[in-house]
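Beneath this line is the structure, given in structure tokens, with notes to follow.
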Amino acid sequence: MNKIWVIPDIHGCVVTLKTLIENQIEPDKKDKLIFLGDYIDRGPDSKGVLDYIMNLEAEGYDVTGLIGNHEDYCITAWEDDQDAKSFLGIRPKTKTQKEWETYGGKEALESFGVERPRDIPQFYIDWMKKLEYYLEIKDFVIVHAGFNFDLDDPFEDRFSMIWIREYVPDLKKINNKTIIHGHVPVNLEYIDMSIKAEGPRVIDIDNGIYFKNMPGYGNLVALELTKMEYAVQSVMDEVAFGSRNTWRRV
């Protein structure tokens, strides 16, 4: 049976991602790889993560990428910077860039070797703009963050799909399918419990790859949907945001 792997927030940790895929998952081209977004920011090599996933696509692997809120921030910062006006030959940072940098955009810009979002090659921006907001496959609905169940049709609210943090699921509105998501870091014990539970449920597989010295956190998890088994890869990259005192939720 072909495997279906779901991989959550990578945050610029390309060495960890490569180790997980090449040493643990070892997919063939009949398997499916689903990425939950937040490829960029915080970690040391956002560009490297994008290049690695794009290369998997180019080599013929079955890849589906979803958009996360960090890609959304990057796209908005890039667009705003295109329209930024200069004054006396000086072009100040846009408000969006300043905000994005506080949430890890600074490290993303450094990985591209640029100081302004406008200087990120459009090739990468176009790729991010084409990412899906959600994916339905078998008995699962897969999304970066979650859904707004206050609406009759939760699929109408794209903003919530990439930004929502707290919600009360009404799974009847999504045909009693299980939600797989990332976005909000949870510990390994909670991930294990959620995966092993029975029936339609919500499974968060983001383990906070950028957390250091926090028991139960700081790994990249991959969930295989046909057998509901998972792999755990400890972080292999140097991560800038490493503790509760140095990271901000976004």
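Run the simple label-point estimate for residue 51 and residue 198 please: 7 Å along Cα→C-beta, distance reported in nm.
4.9
Give, in nm to one decimal, the length gained when the segment between residue 123 and residue 166 is fully stretched (0.36 nm per residue of separation minus the Cα-Cα distance).
12.1 nm
Would you work out the charge dipole size for the chain about its Cα centre, treating the Cβ of every Lys and Arg as +1 and the Cβ of every Asp and Glu as -1, and quote it to the nearest 20 debye?
Dipole of the chain, to the nearest 20 debye: 380 debye.
To make sure I understand, if each residue's beta carbon is the centre and we count other beta carbons within 10 Å, what order do 206, 80 fall in, fewest to most?
In increasing order of surrounding Cβ atoms, one gets 80, 206.
What list of whole percents do you get for P(r) of region 39-81, with Cα-Cα distances grouped in 5 Å bins up to the one holding the largest distance?
5, 21, 22, 26, 16, 8, 2
Could you tell me the calculated FRET efficiency between residue 76 and residue 227, based on Cβ-Cβ distance and R0 = 41 angstrom, to the nearest 0.05?
0.60
Where does each of 126-136, 41-51 land if you order them by average Cβ count within 10 Å, highest first?
Result, highest mean Cβ count within 10 Å first: 41-51, 126-136.
For a footprinting-style exposure proxy, rank 188, 151 by other Cβ within 10 Å, fewest first.
151, 188
Return the calculated 222 nm mean residue ellipticity for the chain, to the nearest 500 deg cm²/dmol, obtained by summing -39500 (n - 2.57) across DSSP H runs with n ≥ 4 and dividing by the residue count.
-7500 deg cm²/dmol
At residue 84 and residue 189, where each label point lies 7 Å from the Cα along Cα→Cβ, what is the point-to-point distance in nanometres?
Output for this residue pair reads 4.5 nm.
Once both labels are modelled 7 Å past Cα along the beta-carbon direction, what's the residue 102-residue 137 spacing in nm?
Each label point lies 7 Å from its Cα, and together they span 3.6 nm.
Taking the DSSP beta bridges in the chain as the whole, what percent of them are antiparallel, to the nearest 5?
Taking every DSSP beta bridge within the chain, about 45 percent pair in antiparallel fashion.
Which angle from 0 to 90°, rounded to the nearest 10, does the C-alpha axis of helix 69-82 make with the longest principal axis of the chain?
With rounding to tens, the tilt is 20 degrees.
Using only the Cα atoms, work out Rg/Rh for region 16-100, with Rh taken as the Kirkwood radius, to two decimals.
1.12
Cβ neighbours within 10 Å, averaged per peptide: list 178-186, 57-65, 31-39 in order, most packed at the top.
31-39, 178-186, 57-65
Multiplying the sequence separation of residue 29 and residue 213 by 0.36 nm and subtracting their Cα-Cα distance, what value in nm do you get?
This chain segment gains 62.6 nm when fully extended.
Which trypsin sites (Lys or Arg not before Pro) in region 58-126 sit in a loop by DSSP (not H, G, I, E or B) and have at most 10 other Cβ atoms within 10 Å of their own Cβ?
Here the trypsin sites (Lys or Arg not before Pro) that fit, given the DSSP loop and packing criteria, are 85.
How would you rank 212, 227, going from fewest to most other Cβ atoms within 10 Å of each one's own Cβ?
The fewest-first ordering by Cβ neighbours comes to 227, 212.
Rule-based calculations on the coordinates, nothing more; no lab input. Note that this is a predicted model, so its numbers are computed, not measured. Every residue, glycine as well, gets a Cβ built from its backbone with ideal geometry; the counts of neighbours run over all protein chains shown.
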